[in-house]
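Visitor: Can you keep this structure in mind? I'll have questions shortly.
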Amino acid sequence: MATLAQTEPSIVAPKITSTRLLSLDVFRGITIASMILVNDAGDWGHIYWPLGHAPWHGWTPTDLIFPFFLFIVGVSMVLSFNSRRARGATRGELMLHSLKRAAIIFGLGLFLALYPRFDFSIVRIPGVLQRIAVVYLLASAIVLYFGRKTRMAITAVLLLGYWAAMMLIPVPGYGAGVLSADGSLASYVDRLLLYNHLYVSHRFDPEGILSTFPAIATCLFGVFTGEWIRGKEPKQLVRGLLIGAVVGLALGKIWNIWFPINKNLWTSSYVLFCAGFAMAVFAVCYWLVDFKGWKRWAQPFVWFGVNPLAIFFLASWFGKATSVPWVGGIRIKSVVYGKVFANLFPSPYMNSLAFAVCFVLLFWFIAWALYQKKIFIRV
């Protein structure tokens, strides 16, 4: 990653003509803060249900976080590409930049998976940053080399094709249409190609190969949103986003009847449902921050939002580093949690949450320090 000292993000006019939106930074910052919060519970045996993933089918607020980030990647991609093209960048240069960026993000994700043992024989190859990298690269290629109608057709094929494949292609020993951790087509493909390198050993991976394709559609919904908002008046923009939100949520819930909403499998219904939810949150952020001008409450999220991948990487690494045994088998997290948080409140759930909140606050301070120094780390 290269470190660049840049000027503070500009505050845009109500009409979307700028290449940067403060509300998008806020939305991104809320997402990153949420990622850190749900990834760093003090005691995984005691977490409130909204801060954990759904066991399988269904959803919780935590299940919205990752697709929100991919949706934001799509919106940001449009603004970034438009800005670079205005400065004379060619399509080939933009594609090369996307390739380099994806390679760095994938490498950072692989480093986190390898740390601290660096055992390539069993390392988990998929992961959150790895999926972001692959989705970003393929979505970039689709945006750069295909027109809007073709992109819409590709999105439809990704969603319908994934649904058809998951429901119609039989899995040896299970048959067709089995949507379990062991019996789904996505799990079978992961075992076939990445048997020893999965999140759940020899079974499945929530960021696996086949489920990455509908995740590309999540990013493309962000792209369509980013293209649509340009030049729109504030009320028209908010109204359009909210209509899109209702449509996405409704279609997702309807498709859920036949193809359940499932984050682990990244089902097509999940894509539509989360895209609708993302539009609603984006509409609220835009209305409050860019249109109404209520920015004070949002400033801490801006600190996260302008350095998202750097903060997420550092928080993920720090979380792992404090959880692995050091000299004498001591785990720093266990010591800190036991001495400071374990008996802080009568409820173990509150103690676990307090640790997670303090973890977020620690990286909020780091994000604030980077922002104050005007250091924005770009990949």
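Visitor: Just to verify a result, which residue in segment 105-121, among those that are under 24 Å from Pro308 (Cα atoms) and of a type outside the set (A, V, I, L, M, F, W, C), is surrounded by the most Cβ atoms within 10 Å (Cβ to Cβ)?
Guide: Gly109
Visitor: Right, here's the next one. Those residues that are part of a loop (DSSP other than H, G, I, E, B), open to solvent by 10 Å² or more (accessible area, probe 1.4 Å) and either in contact (Cβ under 8 Å) with a residue 24 or more places away in the chain or among the charged types (D, E, K, R) (or both), I need them from segment 270-322; list them, please.
Guide: Once the filter is applied, which keeps residues that are part of a loop (DSSP other than H, G, I, E, B), open to solvent by 10 Å² or more (accessible area, probe 1.4 Å) and either in contact (Cβ under 8 Å) with a residue 24 or more places away in the chain or among the charged types (D, E, K, R) (or both), segment 270-322 yields Lys292, Lys295, Arg296.
Visitor: Is segment 128-139 home to any residue that is assigned to a helix (DSSP H, G or I), open to solvent by 10 Å² or more (accessible area, probe 1.4 Å), free of Cβ contacts under 8 Å to residues at least 40 places away in the same chain and touching a helix residue (DSSP H, G or I) at 6+ places or on another chain (Cβ under 9 Å)?
Guide: Yes: segment 128-139 contains one or more residues that are assigned to a helix (DSSP H, G or I), open to solvent by 10 Å² or more (accessible area, probe 1.4 Å), free of Cβ contacts under 8 Å to residues at least 40 places away in the same chain and touching a helix residue (DSSP H, G or I) at 6+ places or on another chain (Cβ under 9 Å).
Visitor: May I ask you to verify whether Val26 is closer than 24 Å to Glu227 by Cα, at pLDDT 90 or above and crowded, with 18+ Cβ neighbours inside 10 Å?
Guide: When the stated conditions are applied, Val26 passes them.
Visitor: Looking at (1) touching an Asp or Glu at 6+ places or on another chain (Cβ under 7 Å); (2) modelled with pLDDT under 95, can you tell me which one Val128 breaks?
Guide: Only one criterion in (1) touching an Asp or Glu at 6+ places or on another chain (Cβ under 7 Å); (2) modelled with pLDDT under 95 is unmet by Val128, namely (2).
Visitor: Within segment 88-104, how many residues are open to solvent by less than 90 Å² (accessible area, probe 1.4 Å) and of a type in the set (Lys, Arg)?
Guide: 1
Visitor: Any idea which residue in segment 171-200 is least open to solvent (accessible area, probe 1.4 Å), counting only those that are part of a loop (DSSP other than H, G, I, E, B) and farther than 16 Å from Leu265 by Cα?
Guide: His197
Visitor: Residues in segment 356-364: is at least one of a type in the set (Gly, Ala, Ser), assigned to a helix (DSSP H, G or I) and within 25 Å of Phe304 (Cβ to Cβ)?
Guide: Looking for residues that are of a type in the set (Gly, Ala, Ser), assigned to a helix (DSSP H, G or I) and within 25 Å of Phe304 (Cβ to Cβ), one finds at least one in segment 356-364, hence yes.
Visitor: Separate question: Only one of Arg87, Arg20 is at pLDDT below 95 and touching a Ser or Thr at 6+ places or on another chain (Cβ under 7 Å). Can you tell me which?
Guide: Result of the check over Arg87, Arg20: Arg20.
The values are calculated or read from the model by the stated rules, or taken from the named source; none is laboratory data. Since this is a predicted model, take the numbers as computed values, not measurements. Methodologically, a virtual Cβ is constructed for each residue, glycine included, from the backbone with ideal geometry; neighbour enumeration extends over all protein chains shown. Keep in mind that these areas ignore ligands, DNA and RNA; they rest on the heavy atoms of the full protein, side chains included. Shrake-Rupley method; radii C 1.70, N 1.55, O 1.52, S 1.80 Å.
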